[in-house]
Amino acid sequence: MSTRKPSHFALTDAGLRASGKTVERPLKQLSGLRRQVLEIIDEVLSDSSQATDAVREQLRQHIAAHPGHPEEALLEHLSELRSEQPDPQGEQQREQSEPGEQDQPGESAPQDEPESQHPGSPRLEAVLRDHMLMTAFQPVFDLSTGTAVGAEALTRFVSDSGDPADFWFAEAEDSGLRTDLEFAALESGLEAALKLPPHLFVALKLSDEVCLDPRLPGLFEQSPLAPGRVILEVSGKFPQDQADSLDAAVAPLRSAGVRLCIENTGSFFAGASHILRLKPEMIKLERNLTAGLNLDSLRQELVAAEVAFAREIGAVLTAQRIETKDELDTLTGLGVTLGQGYHLGRPSVQPREWAKWGGKARHLASPGGRGRTAKT
């Protein structure tokens, strides 16, 4: 007999009914964030290990305390787990903040630190302090075979606001916390990637500021993830005079096996100069090129030009936001090598879902050199 306990989806429905709310919430109508939260809760409660009995019971108590609000339950659960861990640095700071022998009567109080030019964000500071973020992965497929060859890391936040990741990073930009938040997302992505099928590459999106940050090499040195599986994805919008600095910053990582992808945003011809300078192993089509591509002959010509350009420099071309079969057929016919999007596979935070992408590894699992393209 199976020892697996009832799915949390069932527990959540029961919680909604118990709280007096008669509105049903079918799974297909759940928001993206809520569904991901429920998947995480379901994963925790489905574990039958005795070592995690206390954790599961604690999570059930939080669910009971927040009927119909799984986001709040998970957030409170993670906060409590975090608070149970010793924090030597915090203890040291508390000791330093207590009055000491050097605080003599009559001495002037310490001067306040100069105010930051950025307004603070309490919820972002809480996310960074308590690591209230997680990583979802979206599969990347070889369009000629339908085989999953990689996965892109996408950040998800545990919050009752339901704000998408773009809102959080924009808020971090305004608060002067963008770089710190990106590093937290990177750490989460590198740790979660260890649970992916081992033949998949892992695409990590970075801003040019993070690429230039001196902390970046150390982060990858500490990660057990093989450098050869990592692809750093940067936007092609960085200033022209920054190309040399960016090239120098990522050179040590590329020497270790990490590969580079440039998203060719904006003008194709402007982005081409960056690509020729940095010689990435992968080029990513701008997201706006894909939507309705099958209906737009002009954009098809632009994509065909990028296919030829990528082939000429020995890079693999990948498309994003493929949401219909017609878009997929058009991209494949034009010779685009790799792709991702809702039509092919949705992002997921569940390792059980990631395991389904573990089909037979193809040569494109390690993009670089001259990628194979479909005949047009």
Quick one: pull the percent of accessible area on region 127-193 belonging to carbon and sulfur, 1.4 Å probe, ligands and nucleic acids left out. 46
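Run the numbers for residue 308 and residue 255: contour at 0.36 nm per residue of separation, minus the present Cα-Cα distance, in nm.
Result for the pair: 16.4 nm of gain on full extension.
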Taking the highest mean first, how do the peptides 217-226, 230-239 order by number of other beta carbon atoms within 10 angstrom per residue? 230-239, 217-226
Can you tell me how much longer the chain between residue 273 and residue 131 gets when fully stretched, taken as 0.36 nm per residue apart minus their C-alpha distance, in nm with one decimal? 47.3 nm
What list of ³J(HN,Hα) couplings, whole Hz, do you get for region 232-245 from phi and the Karplus terms 6.51, -1.76, 1.60, once you set θ to phi - 60° and write x for glycine and proline? 8, 10, 10, 6, x, 8, 5, x, 4, 6, 9, 4, 5, 5
Pull out the extension gain between residue 356 and residue 61, defined as 0.36 nm times the separation in residues minus the alpha carbon to alpha carbon distance; nm, one decimal. 103.0 nm
Compactness of region 210-322 as Cα Rg over 2.2 N^0.38 Å, two decimals: 1.13
Using each residue's phi in region 336-341, evaluate 6.51 cos²θ - 1.76 cosθ + 1.60 at θ = phi - 60° and report the 3J(HN,Hα) Karplus result to the nearest Hz, with x for Gly and Pro. 5, 7, 10, x, 8, x
Would you grab the residues whose amide H sits under 5 Å from the one on residue 201? Only those 5+ places off in sequence or on another chain, please, with H modelled 1.01 Å from N. 150, 151
When the Karplus curve 6.51 cos²θ - 1.76 cosθ + 1.60 is applied with θ = phi - 60°, which whole-Hz ³J(HN,Hα) does each residue of region 133-139 get, with x for Gly and Pro? 9, 9, 10, 9, 10, 10, x
Separation in nanometres of the label points that stand 7 Å from Cα toward Cβ, at residue 346 and residue 325: 2.0
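The values are calculated or read from the model by the stated rules, or taken from the named source; none is laboratory data. Fair warning: this is a prediction, and the values are worked out from it, not measured in the lab. Cβ atoms come from the backbone with ideal geometry, glycine included; neighbour counts cover every protein chain shown. What goes into the accessible areas is simple: the full protein's heavy atoms, side chains included, and nothing from ligands, DNA or RNA. Shrake-Rupley method; radii C 1.70, N 1.55, O 1.52, S 1.80 Å.
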